[in-house]
Every structure is written in structure tokens, then in C-alpha cells.
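The values are calculated or read from the model by the stated rules, or taken from the named source; none is laboratory data. Values in this document were obtained by computation on a predicted structure and should not be read as measured data. Positions of Cβ are backbone-derived with ideal geometry, glycine not excepted, and every protein chain shown enters the neighbour counts.
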Amino acid sequence: MKKIIAIVVLLLAAHFVSAKDIEITDVITQDDFKEFTKEFGSALLFSPMAPAEPLGITGFDVSLEMVITDISDDKVFWKNMVDDGDPYSFIPVPRLHVQKGLPFNIDVGAMYVAMPDTNIKLWGLEAKYAILEGSMVTPALSVRASYSKLQGVDDINVDTQSLDVLVSKGFLMFTPYAGASLTKINASENSALVTLDDVSETGYRGLAGLQFSPFPLLIINGEISYGETMQYGLKIGFRF
């Protein structure tokens, strides 16, 4: 019952707090577009939401996730980048995330987002290689690459890339993990209101998370990351 309630809460939150279209409604400067790209692009990054250890050749991970990004909603550029001029103080991104284990300690995954009542759609791909599988006494260590692409927004194009290094160590039902990321966010505009140069921003962020498995197959995961913005993630799914 608790897991059903949690999933319902995630879906309701996505519906009630995300009803904003991204749209250039007034003139913004090149600097404004650069700052918007950093914050909005950070919300679109394909966060790991999983520890470093590999799934194994028969492994699957299927989950619902919510990643919430804190933004500078008091800035003029945000007021000019949503259709009603009244941005929320955060961006919630609900997503379906699927991962599959392959031979040689490789995992691949994909995610998809269609935010209710908005023009925001997003898809992403990932690949992770476990340099160290981890054991009862040693941690797992992996490198991960990801890509995401915004769709559905006519006024801007955004895509992101990230390269992550992750380390984790399981203890009974708990698997804490941490990592560092190199990120790149690319954006361009298609609006008749402005003529702005394309933006490409490189950044860094750190992350920490905890995976909890109270029952066989069921996983609950929390993750916090900090770079250009603060992000908070919650995941509920099945790993087998």
C-alpha cells in the first residue's frame, strides 16, 4: 500500500505543479539566455538515480522517478520564458527509466518524459561500465555517459551530455553512492521575438544517493546533486 501511495503522489505532483509551457514571451538578452540555459538544461540532465554496481547480464531496472530542480524563479528571464509569466520556484521532471544489464559489466538505459499539461517532452540514453563490480568488502566503481534531448518546445532547442564517475557500497538493504559529473548543455532559439547566438555551457556537479531495498525486487532511491542548481530525486521501481 505504501508504494502505491508513493507512486500516486509522484504522478499527482507531476500533474499539479508542472502546468507551464516553455515559451519566449518577451525580449531576453544573450546573458539571460545563457543563464536560462544553465538552469533549464540542468533540469533536463539524465541523472544516474542508481548506484555504481552493474545489474549483471540478466538484470533489469524499471522505475518511476521524479527529479526536482530548484531555479531562480525571481529572475526576469524566467518570467519571460514561461507562457503565463509566473514560473514556479522549481521544475519537476517525472520520468520513466529503464535499465538493462549486458555482458562485461555494461549497463544501458533509456528514459522518457512527457510532462502533463506542458509542451515539455524529453528522452535520454545512457551507458555505464563498471570498472569494479564491488564485493562484500570492496566498493563498486563505474563510469557513465548520458545524453538527453528536449522535444515539444517550439521556441528553443536543448540537448545535454554528461560523463559521471560513480562509487557505491552495499550494506544489507542499503546501498549508498556518490559521484562527480562533467556536464555540457547546448541550446539555441527559434523565436521571432529575439535573435540570439547558440549557447554551449560546460559545468561540474557532485551527487550523493541512497538505494533502499525493503523487499526483494522493490527499490526506493533518493538522490541529491549540486552544480548550477540543487536537484532532488526520488525513484520507486523494481530491480531484478
When you scan the range 177-193, how many residues do you find that are over 25 Å from Ser148 (Cα atoms) and either surrounded by 15 or more Cβ atoms within 10 Å (Cβ to Cβ) or of a type in the set (Gly, Ala, Ser) (or both)? 1
Of those in the range 101-118 that are in contact with a Leu (Cβ under 7 Å, 6 or more places away or on another chain) and not acidic (Asp, Glu), the residue surrounded by the fewest Cβ atoms within 10 Å (Cβ to Cβ) is Tyr112
Restricting to the range 62-92, what's the tally of residues that are outside any strand (DSSP E or B) and of a type in the set (A, V, I, L, M)? 3
Has the range 133-155 got any residue that is under 17 Å from Leu55 (Cα atoms), among the hydroxyl-bearing types (Ser, Thr, Tyr) and surrounded by fewer than 17 Cβ atoms within 10 Å (Cβ to Cβ)? yes
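For the range 119-131, state whether one or more residues are under 27 Å from Ser200 (Cα atoms), among the acidic types (Asp, Glu), crowded, with 16+ Cβ neighbours inside 10 Å and touching a residue at least 40 places away in the same chain (Cβ under 8 Å).
Yes: the range 119-131 contains one or more residues that are under 27 Å from Ser200 (Cα atoms), among the acidic types (Asp, Glu), crowded, with 16+ Cβ neighbours inside 10 Å and touching a residue at least 40 places away in the same chain (Cβ under 8 Å).
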Test: Leu96 is in contact with a helix residue (DSSP H, G or I) (Cβ under 8 Å, 6 or more places away or on another chain), outside any loop (DSSP other than H, G, I, E, B) and aliphatic (A, V, I, L, M): no
Being modelled with pLDDT under 95 and of a type in the set (Gly, Ala, Ser) is the filter; apply it to the range 191-202 and report the residue that is farthest from the chain's Cα centre (by Cα). Ala192
So, of the residues in the range 203-240 that are within 13 Å of the chain's Cα centre (by Cα) and among the polar types (S, T, N, Q), which turns out to be nearest to Phe171 (Cα to Cα)? Ser225
For the range 182-219 the number of residues that are free of Cβ contacts under 8 Å to residues at least 60 places away in the same chain, part of a strand (DSSP E or B) and closer than 13 Å to Lys235 by Cβ is 2
Within the range 195-240, of all residues that are in contact with an Asp or Glu (Cβ under 7 Å, 6 or more places away or on another chain) and not hydrophobic (A, V, I, L, M, F, W, C), the one nearest to Leu182 (Cα to Cα) is Gly203
Are there any pairs with C-beta distances below 6 angstrom linking a residue in the range 61-72 that is surrounded by fewer than 21 Cβ atoms within 10 Å (Cβ to Cβ) to a residue that is polar (S, T, N, Q), with the two at least 6 apart or on different chains, and if so which? Asp70/Thr229
Residue count, the range 156-171 (criterion: surrounded by fewer than 16 Cβ atoms within 10 Å (Cβ to Cβ), touching a Ser or Thr at 6+ places or on another chain (Cβ under 9 Å) and either within 29 Å of Ser142 (Cβ to Cβ) or of a type outside the set (S, T, N, Q) (or both)): 2
Run Asn80 past the list (1) under 22 Å from the mean Cα position of the chain (by Cα); (2) surrounded by 15 or more Cβ atoms within 10 Å (Cβ to Cβ) and report the number of the one that doesn't hold. (1)
